[in-house]
Amino acid sequence: MIIVLRAHATEEEIAQVCRRIEDLGLTPHLSRGVERTIIGAIGDERILLDKGIEALPMVEKVLPVLKPYKLASRDFHPDNTVVTVGGVRVGDRRLAVVAGPCSVESREMLLSVARDVQAAGAHLLRGGAFKPRTSPYAFQGLGEEALRYLAEARRETGMPVVTELMDPREAMLVLKYADMVQVGARNMQNFRLLKELGMQKTPVLLKRGMSSTIRELLMSAEYILSEGNYNVILCERGIRTFEDATRNTLDLSAIPVLKQLTHLPVLVDPSHGTGKWDLVAPMTLAAVAAGADGVMVEVHPRPEEALSDGPQALLPSRFQRMMDDLKRVAEAVGRTL
Ligand code: PEP
Ligand code: MN
């Protein structure tokens with residue numbers, strides 16, 4: 001249920017409504033807009049109607065949220081949400097570009113990619129420390145060693161870092177280093193992991209599961225939001241279809257659909273979305289033209305030697321060229337880079 005307060009409701013009045021919601025055994029979640037404050041009441045909604053909260057003088061109206069996701073819904077938060085990741089604003093007019101290797105393979109390799117992508121204009125550095133690999137015999141990531149290299153790269157370049165967390169048992173370790181924690185496609189419905197991250201304040205990059213609907217993605221976001229962490233960024237990264245010309249089918253229509261349904265920022269990952277480096281730049285441009293708030297791309301100095309995802313990695317020089325082209329598309333759709 002959402003409770004829309006009258007314009008210019010005072011802090012005391014807002015607190016009063018929240019207390020009333022709590023007394024009824026529900027949890028209030030505040031959304032402060034430019035014009036008005038909206039309170040989401042999560043729990044058994046029938047209680048609210050019974051108890052006549054609508055009769056309170058500072059309440060304008062009480063509306064049911066018909067969608068199964070509540071806090072993720074635009075009904076609850078009509079304005080776009082901007083999530084700040086280590087000082088970088090994601091979801092604002094300026095696009096956010098996350099770049100870096102699939103896996104952190106060594107200190108030298110990470111530092112070299114970090115310098116290159118920063119020089120080309122990336123805002124955030126990515127790099128996997130714990131890798132979800134199809135084969136248990138494939139490179140699994142350097143673990144904490146990789147996290148230390150990420151921290152060093154952040155110190156040197158100033159770029160905040162994004163890395164994947166796969167297991168709630170490693171949450172405290174990863175949170176010690178990461179400016180944003182990535183939940184990978186394979187873990188989008190690891191509800192234990194989502195709840196754990198919901199209890200933190202660190203921003204979460206939630207990737208769409210490879211066989212998940214948009215509604216399921218939003219329900220997973222709801223798990224994080226409902227625990228109190230509102231710093232959630234969604235990521236379209238391609239879904240499984242019958243098409244085998246690409247690794248996945250990048251669902252570009254998910255971008256405007258998500259923009260209608262939710263206030264959360266939306267990034268697109270054309271690297272995993274296509275699996276081919278020469279498709280990364282065109283799909284990046286298309287994603288931004290379709291309304292994405294930014295992209296996440298994999299970059300490697302020697303893709304042919306990469307320990308994971310080499311075929312989809314951009315060379316730094318190609319990343320630079322892509323950024324030049326992206327600047328023009330950004331301008332055309334009223335954004336900056
Ligand atoms: C990744 O970003 O390296 C990754 C494993 O992505 P996904 O979870 O989308 O497959
Ligand atoms: Mn990868």
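A few notes on this one:
- Relative contact order of the chain: 16 percent, from C-alpha pairs under 8 Å at least 6 residues apart in sequence.
- Two numbers describe the Cα atoms of the stretch 2-63: Rg and Dmax, which are 10.4, 30 Å.
- Of Ser31, Ser226, the residue with the largest accessible area leads and the full order is Ser226, Ser31 (1.4 Å probe).
- His123 - accessible surface, heavy atoms, 1.4 Å probe, Å² rounded to 10: 20
- Placing dummy labels 7 Å off each Cα toward the beta-carbon, the span from Val333 to Ala15 is 4.3 nm.
- Heavy-atom SASA rank of Glu236, Glu60, Glu45, Glu11 (probe 1.4 Å, accessible area, largest first): Glu11, Glu60, Glu45, Glu236
- P(r) tail fraction, the stretch 1-129 - alpha-carbon pairs more than 23 Å apart, %: 50
- Using a probe of 1.4 Å, the accessible surface attributed to Met166 totals some 50 Å² when neighbouring protein chains are kept in position.
- At R0 = 41 Å, FRET efficiency that the Cβ-Cβ distance of Phe191 and Ala119 yields, to 0.05: 0.55
- The modelled label-to-label distance between Glu216 and Arg93, using points 7 Å beyond Cα along the C-beta direction, is 3.8 nm.
- Long pairs among Lys61/Lys201; Lys131/Lys276; Lys195/Lys259; Lys67/Lys276; Lys176/Lys276; Lys195/Lys276, criterion Cα-Cα beyond 26 Å: Lys61/Lys201; Lys67/Lys276; Lys176/Lys276; Lys195/Lys276
- Heavy-atom accessible area order for Tyr177, Tyr230, largest first, 1.4 Å probe: Tyr230, Tyr177
- Placing dummy labels 7 Å off each Cα toward the beta-carbon, the span from Glu170 to Gln260 is 3.8 nm.
- Computed with a 1.4 Å probe on the full set of protein chains, the accessible area for Ser271 sits at about 0 Å².
- Cα convex hull of the chain - mean projected area over all directions, nm²: 17.3
- Overall form of the stretch 241-337 per C-alpha gyration tensor (a/c, 1.5; a/b vs b/c): oblate
- Per residue, the convex hull spanned by the alpha carbons of the stretch 114-219 comes to 119 Å³.
- Here the relative contact order of the stretch 1-127, from alpha carbon pairs under 8 Å that lie six or more residues apart, stands at 22 percent.
The values are calculated or read from the model by the stated rules, or taken from the named source; none is laboratory data. The model shown is predicted, which means the values in this text are computed figures rather than measured ones. Note: ideal-geometry Cβ built from the backbone for every residue, glycine included; neighbour counts use all protein chains shown. The protein model used for the area step is the full one, side chains on, heavy atoms only, and it has no ligands, DNA or RNA in it. Shrake-Rupley method; radii C 1.70, N 1.55, O 1.52, S 1.80 Å.
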